[in-house]
Amino acid sequence: MLDLFSEEAPWQEPLAEGAVILRRRARDRADALLAAIHDISAQNPFEHRITPGGHRMSVAMTNCGDFGWSTDSRGYQYTEQDGNSGHHWPPMPALFRELAQQTAGEAGFSGYNPDACLINRYEPGAKLTLHQDKDEKDLRQPIVSVSLGLPAVFQFGGFERGDATQRVLLEHGDIVVWGGPSRLRYHGILPLKAGIHPQAGAFRYNLTFRRAF
Ligand code: SIN
Ligand code: FE2
C-alpha cells in the first residue's frame with residue numbers, strides 16, 4: 001500500500017478518560033524502531049507461548065528491558081530472564097524508553113519510567129482476545145502501546161469482559177496510551193488481515209511498555 005500520508009503531523013484522538021490515541025506519533029522513527037526489534041529478536045527470538053490453559057498463542061512474543069512478560073503452564077509472570085534461553089532480556093533501547101516517556105507525558109502521565117517492553121508480532125490470523133493488563137505492581141502507571149507494520153483492529157472495552165467495546169483501526173506509527181481510570185479496561189486485537197507493509201513486510205508489531213515493579 002502506498003504511504004500517502006507520511007507528511008501528516010501527528011494528532012490526538014481521545015478514547016476514554018485517561019486513554020488517547022496519538023495518531024502517527026511514531027512514524028518519523030519507525031525504521032529505527034523496526035531495526036531495534038530485529039536486533040532484539042536476533043538475541044531473544046519471537047516465541048509462541050503456551051497459556052496456562054494449554055493454548056499456543058497466535059501472537060509471537062519477545063521482550064526487552066529489566067523485566068519481560070511471558071506465560072507458561074504456571075501462569076503469567078514478569079521475569080528477568082527468558083524462561084526458554086535462561087538469558088537476561090536485552091536492554092531497553094534509549095529510543096524505546098524516550099518514546100514511551102515522551103508520549104506518556106503527552107497523554108497526561110508525567111514521570112513515566114517503564115521497566116518492561118513486551119514486543120508482539122502478529123502474522124495473518126493472529127489475534128489477542130480481550131484481556132486486562134493487570135500483572136503489574138503499580139496500576140497508577142499507564143500502558144504505552146506502539147503499533148508498527150500492518151494495520152489491525154483494536155478493541156477497547158470496559159471493566160467486564162462482556163462490556164461493549166470500541167473498535168479502532170491502529171496503523172503504522174499509532175500509539176495508544178491508557179492509564180488512570182482506564183488502566184484496567186479490557187482490550188484486544190481482532191485477527192490480523194494479510195498484507196504486505198513496505199517497512200514491516202507481512203507482520204504487525206506492537207511494543208507494549210509497562211512499569212512492572
Ligand atoms: C497488548 O494488549 O499487549 C497488545 C495490544 C496490541 O497489540 O495493540
Ligand atoms: Fe494488553
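Laboratory data are not the source of any read-out in this text; all were calculated from the coordinates shown. As the structure is a computational prediction, the values presented were derived from the model and not from experiment. Neighbour counts run over all protein chains shown; Cβ positions are idealised from the backbone, glycine included.
Note on 80, 136: ascending count of other Cβ atoms within 10 Å places them as 80, 136, the fewest first.
Gaussian network model of the chain, Cα springs within a sub-10 Å range: biggest mean-square fluctuation belongs to which of 169, 34, 22? The residue with the greatest mean-square fluctuation here is 169.
Overall shape: prolate for segment 64-119, with the ratio a/c of the largest to smallest alpha carbon gyration tensor axis at 1.5 or above and a/b above b/c. If the label point is 7 Å along Cα→Cβ of residue 153, which residues in segment 163-207 have backbone nitrogen under 12 Å from it? Flagged as within label range: 165-170, 189-193.
Other residues within the sphere of radius under 11 Å centred on the Cβ of residue 11, judged by their own Cβ, net out at 0 (K and R +1, D and E -1).
Please tell me the relative contact order of segment 1-150 in percent, rounded to the nearest whole number, where contacts are Cα pairs under 8 Å and at least six residues apart. With pairs under 8 Å counted, the relative contact order is 21 percent. Comparing 150, 184, 95 in a Gaussian network model of the chain, where Cα atoms under 10 Å apart are tied by springs, the biggest mean-square fluctuation is seen for 95. Starting from the Cα gyration tensor of segment 9-110, take the square roots of the eigenvalues, sort them a ≥ b ≥ c, and report rounded, prolate or oblate (rounded when a/c is under 1.5, otherwise prolate if a/b is larger than b/c, else oblate). Taking the square roots of the gyration eigenvalues as a ≥ b ≥ c, segment 9-110 is prolate.
All other residues with a Cβ under 11 Å from the Cβ of residue 61 taken together, and with Lys, Arg as +1 and Asp, Glu as -1, what is their net charge? Write down the numbers at each step before the final one.
Numbers: positive: 49, 121; negative: 47, 82.
Neighbour charge sum, excluding residue 61 itself: 0.
The Cα atoms of segment 91-194 give a gyration tensor whose axes a ≥ b ≥ c have a/c of 1.5 or more with a/b no greater than b/c, which makes the shape oblate. Dipole magnitude for the chain: about 460 debye, using +1 per Lys or Arg Cβ and -1 per Asp or Glu Cβ, origin at the Cα centre. A viscosity of 0.692 mPa s and a temperature of 37 °C, combined with the Kirkwood radius over Cα pairs in Stokes-Einstein, give a translational diffusion coefficient for the chain of 191 µm²/s. Reducing segment 93-169 and segment 170-189 to their Cα centroids gives an inter-centroid distance of 5 Å.
Give, as a single signed number, the net charge of other residues whose beta carbon lies under 9 Å from the beta carbon of residue 70, with Lys and Arg counted +1 and Asp and Glu -1. Net of charged neighbours comes to -2.
Quick one: among 85, 110, 145, which has the greatest mean-square fluctuation in a GNM of the chain with alpha-carbon springs under 10 angstrom? Taking springs between Cα atoms under 10 Å, the residue moving most is 85.
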